[in-house]
Amino acid sequence: MTTRRTFIKQGALGAATLATTSMPWRVLRAQGKSVKVACIAPFSGPWARTGTLIKMGAEMAVEEINQKGGIKALGGAKMELVAIDAGDSAEKAKNAAQRLVAQEPDVVGGTGAWLSTFTLAVTEVTERAQIPWLTLSYADSLTDRGFKYIFQTSATGSKQATDQLPTIIDLAKAATGKAPGTAGIIGDNTAAPMSFLKPMREGGLAKAGIKTLFDETYTPPLADATPLMQKVRSTRPDFLLFLSTNLSDLKLGLEKMAEFRLGQGVIPTIGNGAANGSPEVLKAMSAELLEGYIFSVADWAMKGQETIIDAFKKKFNEPWMTQDSITGYGDMWILKEAVESAGVADKVKVNEALHAMDLKGSPANIAFPGPIKFDAAGHRLDAPLVMVQWQKGVPQTIFPVDRATATAKWPKSS
């Protein structure tokens, strides 16, 4: 095999530990000179599944790149993926970044660390070390710090929120022939939902001609969704914005709506975040309960990615490809193209190439909808919102329409 994958667990471990640990410690060395790229994500703790999905996508891309001749500008040098566990806290994620800098001085760029709080901590370190860092994390603050070595491949959280409302209106009009006139809001009080809902609460809905019938904030986890869903039953909005960072809360809410006969065939429910479409969701909820549920993300499996998705499903025995795997895959190709453009495995030159990038014709363009071009702050220009809907037990892309895998379903009576 021509790739080298290095896995560094939290903490310093001796040779005896390396010999006995159950973690994936083997080192697969490349033949000849290699170009090192990094992935920092949670491979242990409550978010380990998500981190693993990111690494799967990155790993597959590196293998493809090497199979296709490696970095041609460097005489076919192979890419080498260094994967480091971010653990379960921002402090551990920062420590992981510090170990990367200390132990892998030749790294030319990286991707991760998923949770925005983790990414904020990691990029404080990578910025000082002048390591260009790609991330799908949504927080606006990531690219509001004046950093020069961070690149946000997703639309920011505020842009997603701003773009979501007109998209919801367009989907409803396409399905029913009319725009929705009323909405309800339920969101937990954690950072992501509060940030996402802020533009809508501060006049966004009113400017769109939509009346807010109720606006409820709760502290997770929910013990009982009845009081919240009573608001839905008594007001019957045209759609419900239900933003929860806790899967069990989403389940309780959808179950109570079904009990009140207000399910997706009556009142569309809309959330945000890739966790809403993970394969594990079907283990917690039935396909019938999820049918019609809509959520927004930065990327998802869509038309044009069939070859990538089929290869991923076959390689890892996964039912579908999530945002995490697709962006991990795409980020590796972006870094590959930046090294090709720089013509040298130098992190500062690679960073310059990323800032100058206007990528076309690369597998990265298939992985990401919209152009691959960054502004001075590291925002990906014109990164579009992606909307996904559960249909017959599968989360299907319904927007952008030109790359959708299914047509949005919206109740005619809403």
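Read-outs throughout are calculated quantities, based only on the coordinates presented, and are distinct from any laboratory measurement. It should be emphasised that the depicted structure is a prediction, and the values quoted were computed from it without experimental measurement. Please note: Cβ atoms are built from the backbone with ideal geometry, for glycine as well, and neighbour counts cover all protein chains shown.
When the Cα positions of I309, S278, L142 are compared along the charge dipole of the chain, I309 comes out farthest toward the positive end, with charges on each C-beta of Lys, Arg, Asp and Glu. If only the Cβ of Lys and Arg carry +1 and only the Cβ of Asp and Glu carry -1, the dipole of the chain around its Cα centre is close to 440 debye. Per residue, how big is the convex hull of the range 267-327 when only Cα atoms are used? Give it in Å³. Cα convex hull per residue, to the nearest whole number: 96 Å³. Beta-bridge orientation, the chain: approximately 25 percent antiparallel, per DSSP, counting only bridges with both partners inside. Listed values for the range 64-70 are Karplus-derived 3J(HN,Hα) couplings in whole Hz (6.51 cos²θ - 1.76 cosθ + 1.60, θ = phi - 60°), namely 4, 4, 5, 5, 8, x, x, and x replaces Gly and Pro. Along its principal axes, the range 238-283 has C-alpha extents of 25, 19, 15 angstrom, given from the largest down.
Going by neighbour counts of Cβ atoms within 10 Å, the residues M332, M302, M285 line up, fewest first, as M285, M302, M332. Over 18 Å between Cα atoms: which of K68/K336; K33/K336; K178/K251 fall into that group? Going by Cα-Cα distance, K178/K251 fall outside the 18 Å limit. Peptides 267-278, 230-241, 206-217 ranked from most to least packed, by the mean per-residue count of other Cβ atoms within 10 Å: 267-278, 230-241, 206-217. Kirkwood hydrodynamic radius computed over the chain comes to 22.0 Å, based on all pairs of distinct alpha carbons.
Average projection, convex hull of the Cα set of the range 230-345: 9.7 square nanometres. Taking every Cα-Cα distance in the range 265-414 and sorting them into 5 Å bins starting at zero, the pair-distance distribution P(r) comes out as 2, 9, 17, 20, 17, 13, 10, 7, 4, 2, 1, 0 percent. Across the range 373-414, the relative contact order, built from alpha-carbon pairs under 8 Å that are at least six residues apart, equals 22 percent. With only the Cα atoms considered, the range 31-138 has a convex hull volume of 97 Å³ per residue. Using the average count of surrounding beta-carbon atoms within 10 Å as a protection proxy, the listed peptides 222-228, 250-256 rank, highest first, as 250-256, 222-228.
Principal axis analysis of the Cα atoms in the range 101-143 yields extents of 29, 15, 14 Å, listed in decreasing size. Of Y329, Y218, the sequence from fewest to most neighbouring Cβ atoms within 10 angstrom is Y218, Y329.
The spacing between the range 252-279 and the range 33-104, judged by their C-alpha centroids, is 35 Å. Residues within the reach of a label modelled at K313 (point 7 angstrom out along Cα to beta-carbon, backbone nitrogen below 15 Å), restricted to the range 379-402, are 391-397. Across all Cα atoms of the range 177-270, the radius of gyration (one decimal) and Dmax (whole number) stand at 12.7, 38 Å. A cut-off under 12 angstrom between Cβ atoms defines the neighbours of A383, and their net charge, with Lys, Arg +1 and Asp, Glu -1, is -1. Computed from the C-alpha gyration tensor, the three semi-axes of the ellipsoid equivalent to the range 82-157 are 18, 14, 10 Å, from longest to shortest. Mean separation of Cα pairs under 8 Å and 6 or more residues apart, divided by the residue count, gives the chain a relative contact order of 17 percent. One equal scatterer on each Cα of the range 111-230, no solvent, Debye formula: the resulting log10 I(q)/I(0) at q = 0.16, 0.17, 0.23 Å⁻¹ is -0.88, -0.93, -1.21. Mean separation of Cα pairs under 8 Å and 6 or more residues apart, divided by the residue count, gives the range 302-414 a relative contact order of 20 percent.
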